[in-house]
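Working notes, beginning with the structure itself.
Nothing in this text is a laboratory measurement; each read-out follows from the coordinates by a stated rule. Worth saying up front: this structure is predicted, and the values here are computed from it rather than measured. As a convention, Cβ positions derive from the backbone with ideal geometry for all residues, glycine included, and neighbour counts pool all protein chains shown.
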Amino acid sequence: MTATDPVANLQTLIRCPSVTPAEGGALVALEAMLAPLGFEVHRMTATEPGTPDVENLYARLGDDGPHLMFAGHTDVVPAGDEASWRHPPFAAVIEDGELFGRGAVDMKGGIACFVAAIARHVARHGAPKGSVSFLITGDEEGPSINGTSKLLQWAAERGERWDACLVGEPTNPDQLGDMIKNGRRGSLSGTITVQGVQGHAAYPHLADNPVRGVLQLTQALMDPPFDHGTDSFQPSNLEVTTIDVGNKAVNVIPEKATASFNIRFNDTWTEETLKAEILRRLDQAATAGALRPGRQPVRYQVAWGARASHVFLTRNNALIASLSAAVESVTTRAPTLSTTGGTSDARFIKDYCPVVEFGLVGQTMHMVNERVALADLETLTAIYEAFIERWFANAEL
């Protein structure tokens, strides 16, 4: 086997059961692919109290010139009920032109293709006139604490600097060439606690029902809309994800009620301005209505999520143009630039260099029978190889 074959690369990676946070042999396999190409490979284990240790990998080819980073993760979500799979989820079976396995799409497939692309480039042209690095982590599907953010910090402290980054997440909704992600919305979470007075459901005048209050407050968060979107982003959207009173008795008015929410926000907002707007809405709603007529305003507290994800938009023309041209040269389709979807580890990378995302079709990611067409692996490898050539050519201008 040579690293120039994306199918063989992916089969090797899938056969490593690297369910977050287990390394599962995936980084060992990746090191074996990269070292023969001339990459200097480092393994780094990140720790944080209260979280599992995570193994990560950083590899670099070259020591000067323009520096292109490829970023991704080898950890995968659990397979679920393995009996429901057509083939064992870590067997990497090929059937009818498709390769089955957990991580085939998200995102071992993208890693396998980029390895094949750089291996082909080295075989045909030698090492790039600059540097290429792999930043591969093991907890993207988990809490994302001991992965990309810490590996970036570790590498930067060693003197690493990057000019651009491509993340190999599955970005295409229907077919390769559909979409490049050139930004991501921010994400902010919180939990509201409304305090009431517990009592008997038959004697409501002796109690204050916090459910009334939590409904008033959550309604104020969901309506009116926070904004109507911008040129690059869809409207910000807040969803109430849980409402709970912890009450198992139907004849007891609960003492308190909680509601959790998450908002995906665009570049109209920063974390600070968004928190201020949420508190303004809650204060207004709490003052406007009590739990019962004639009672005091709603009493509430807000606990914010541990870490917000910040909105970002990449405007680096050389990076976007190189990737767009590479995609169109291989697929004949001009990809759409998009900021839709959830968060990714690009939210950490954007603090170090311009970053975009492009990878496989994501229709089966996280599903039973996750799979990828062999033809798509070859096409993505061709796109990545064309991108490597174009980006280094543009970087020299």
Query raised in the report: Based on Cα positions only, what radius of gyration and what Dmax would you give for the chain, in angstroms?
Result: 24.4, 83
**Report entry** For ARG60, net neighbour charge (Lys/Arg +1, Asp/Glu -1) across residues whose Cβ lies under 12 Å away
**Finding:** -2
Requested in this report: Considering only GLY359, GLY110, GLY80, give the residue with the highest GNM mean-square fluctuation for the chain, with springs between Cα atoms whenever their separation is below 10 Å.
Outcome: GLY80
Query - Tilt relative to the chain, helix 271-288 - C-alpha long axis, 0 to 90 degrees, to 10 - result: 20
Report summary line: Here P(r) for region 186-304, Cα-Cα distances in 5 Å bins, as whole percents, is 2, 12, 21, 21, 16, 11, 8, 5, 3, 1, 0
Query raised in the report: Given the alpha-carbon gyration tensor of region 103-162, what are the semi-axes of its equivalent ellipsoid in whole angstrom, ordered largest first, with each equal to the square root of 5 times an eigenvalue?
Result: 24, 19, 5
Query - Backbone HN-Hα couplings from phi across region 43-53 [Karplus 6.51/-1.76/1.60, Hz, Gly and Pro as x] - result: 10, 9, 9, 9, 10, 7, x, x, 10, x, 4
Report summary line: With PHE39 itself left out, Lys, Arg at +1 and Asp, Glu at -1 over residues whose Cβ is under 9 Å from its Cβ give -1
Report summary line: In terms of the charge dipole of the chain, which places +1 on Lys and Arg and -1 on Asp and Glu at the beta carbon, the residue among VAL93, PRO6, THR336 farthest towards the positive end is THR336
Query raised in the report: Which GluC sites (Glu not before Pro) in region 364-397 pass both tests, a DSSP loop state and at most 11 other beta-carbon atoms within 10 Å?
Result: GLU396
Query raised in the report: Taking amide hydrogens as modeled 1.01 Å from N in the peptide plane, which residues meet the under 5 Å criterion relative to HIS67, leaving out close sequence neighbours?
Result: SER131, ASP163, ALA164
Query raised in the report: Over region 76-200, what is the relative contact order in whole percent, taking alpha-carbon pairs under 8 Å and six or more residues apart?
Result: 17
Query raised in the report: For THR273 and GLN219 in the same chain, what is the full-extension length gain: residue separation times 0.36 nm, less their Cα-Cα distance, in nm?
Result: 17.5 nm
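Based on the Kirkwood radius over alpha-carbon pairs, what is the Stokes-Einstein translational diffusion coefficient of region 1-102 at 37 °C with 0.692 mPa s viscosity, in µm²/s? Could the numbers behind the result be given before it?
On the way: Rh = 15.4 Å.
Answer, rounded: 214 µm²/s.
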Requested in this report: Could you name the lysines whose alpha carbon sits less than 19 Å from that of LYS150, not counting residues in the same chain fewer than 8 places away?
Outcome: LYS350
Report task. Determine the sum of side-chain charges near ARG86: Lys and Arg each +1, Asp and Glu each -1, restricted to other residues whose C-beta is under 12 angstrom from that of ARG86. Result -> -4
